[in-house]
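Everything on this sheet refers to the single structure shown next.
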Amino acid sequence: MGTDVGGAVAGVLARLYEREKATGFPSLSGAVVEARVPLTQAVVDDLLLAGRPADPAKRGAVQRLRLLLLDTDRIALEITVRAFLFNVPLRFEATVHPEVRVPSDPRLHLTLTSGGLSELALNLPQLPDWIQVEGRQVALDLGLLLRRGGLDWLIPLVRVCRANVRPGVLYWDLALQIDDRKDTTDGELPR
């Protein structure tokens with residue numbers, strides 16, 4: 001049998017990543033990475049389902065939570081709340097404030113635009129702890145989600161973070177910078 005070159009390269013890259021992460025990325029000192037990461041509606045749906053109990057009885061008051069990507073910097077939150085014996089669907093539309101002030105405030109801020117009692121209704125159910133509501137202002141705590149996913153090491157590297165909503169796609173425009181360091185390694189790849 002031949003050598004699995006792809007597997008060997010993937011193994012080296014995985015070890016390099018782990019070594020660099022553990023030591024603060026010294027070999028990448030001074031690097032600047034700019035990226036546009038598109039998350040389709042299906043991916044956003046999958047991310048919101050991650051960690052949710054499959055059993056509806058274990059979900060608490062919020063039975064369903066969906067973030068719909070509507071139009072230019074507009075989203076809708078669809079929440080189904082269990083109230084006594086009934087499931088009550090609620091829908092709130094919001095404007096996205098594109099700038100995320102990382103690392104000082106790694107939250108995506110929204111302003112509710114749907115009228116009526118939306119702020120009151122949104123404060124009634126026990127929402128996930130990464131969603132904070134104050135009147136018409138809603139904040140999605142991305143920092144908390146990154147910490148829970150073991151990606152908190154990314155937060156101090158982010159220099160620019162913008163969310164751009166288009167129909168069916170949430171684009172994250174990111175700029176990451178690894179500060180210049182004097183203690184770079186000698187360039188030897190991990191074995």
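I need Y171, Y17 ordered by Cβ neighbour count within 10 Å, fewest first. Walk me through the numbers before you get to the answer.
On the way: Y171 16, Y17 12.
With the sparsest Cβ surroundings first, the list reads Y17, Y171.
What does the net charge come to around R107 if you take all other residues with beta carbon closer than 10 Å to its beta carbon, with K and R at +1 and D and E at -1? Intermediate values should be presented prior to the final figure.
Numbers: positive: R101; negative: D105, D141.
Here the count lands on -1.
So what is log10(I(q)/I(0)) for segment 26-103 at q = 0.25 1/Å, when the Debye sum runs over its Cα atoms only?
Rounded to two decimals, the profile gives -1.25.
Going by how many other Cβ atoms sit within 10 Å of their own, how do K21, K58 line up, fewest first? List each step's numbers first, then the result.
Working: K21 12, K58 8.
Placing the least packed residue first, the sequence is K58, K21.
Explain nothing, just compute: Karplus ³J(HN,Hα) = 6.51 cos²θ - 1.76 cosθ + 1.60, θ = phi - 60°, for every residue of segment 72-83 in order, whole Hz, x for Gly and Pro.
Values, residue by residue: 3, 6, 10, 10, 10, 9, 10, 10, 10, 10, 7, 10 Hz.
How would you rank W153, W172, going from fewest to most other Cβ atoms within 10 Å of each one's own Cβ? Before the final figure, lay out each step's value.
Working: W153 13, W172 16.
Least to most surrounded, the residues fall as W153, W172.
Let's test the formula: R0 of 35 Å, r as the Cβ-Cβ distance of D55 and L151. What FRET efficiency results, to the nearest 0.05? Write out the running numbers ahead of the final one.
Working: r = 27 Å, r/R0 = 0.78.
After rounding, the FRET efficiency stands at 0.80.
Report the extension gain between T113 and N164 in nm, rounded to one decimal, defined as 0.36 nm multiplied by the number of residues separating them, less their alpha carbon distance.
Working: separation 51, 0.36 × 51 = 18.36 nm, distance 1.74 nm.
Length gained, T113 through N164: 16.6 nm.
Work out from phi, with θ = phi - 60° and the Karplus expression 6.51 cos²θ - 1.76 cosθ + 1.60, the ³J(HN,Hα) of each residue of segment 20-35, listed in order in whole Hz, and give x for Gly and Pro.
Values per residue, Gly and Pro as x: 5, 4, 5, 10, x, 6, x, 6, 9, 3, x, 5, 10, 10, 10, 8 Hz.
We did not get these values from a lab; they are worked out from the coordinates using the rules stated. Computed from a prediction, not measured in an experiment: that's the story for all the values here. Reconstructed Cβ throughout: ideal geometry from the backbone, glycine too, with neighbour counts over all protein chains shown.
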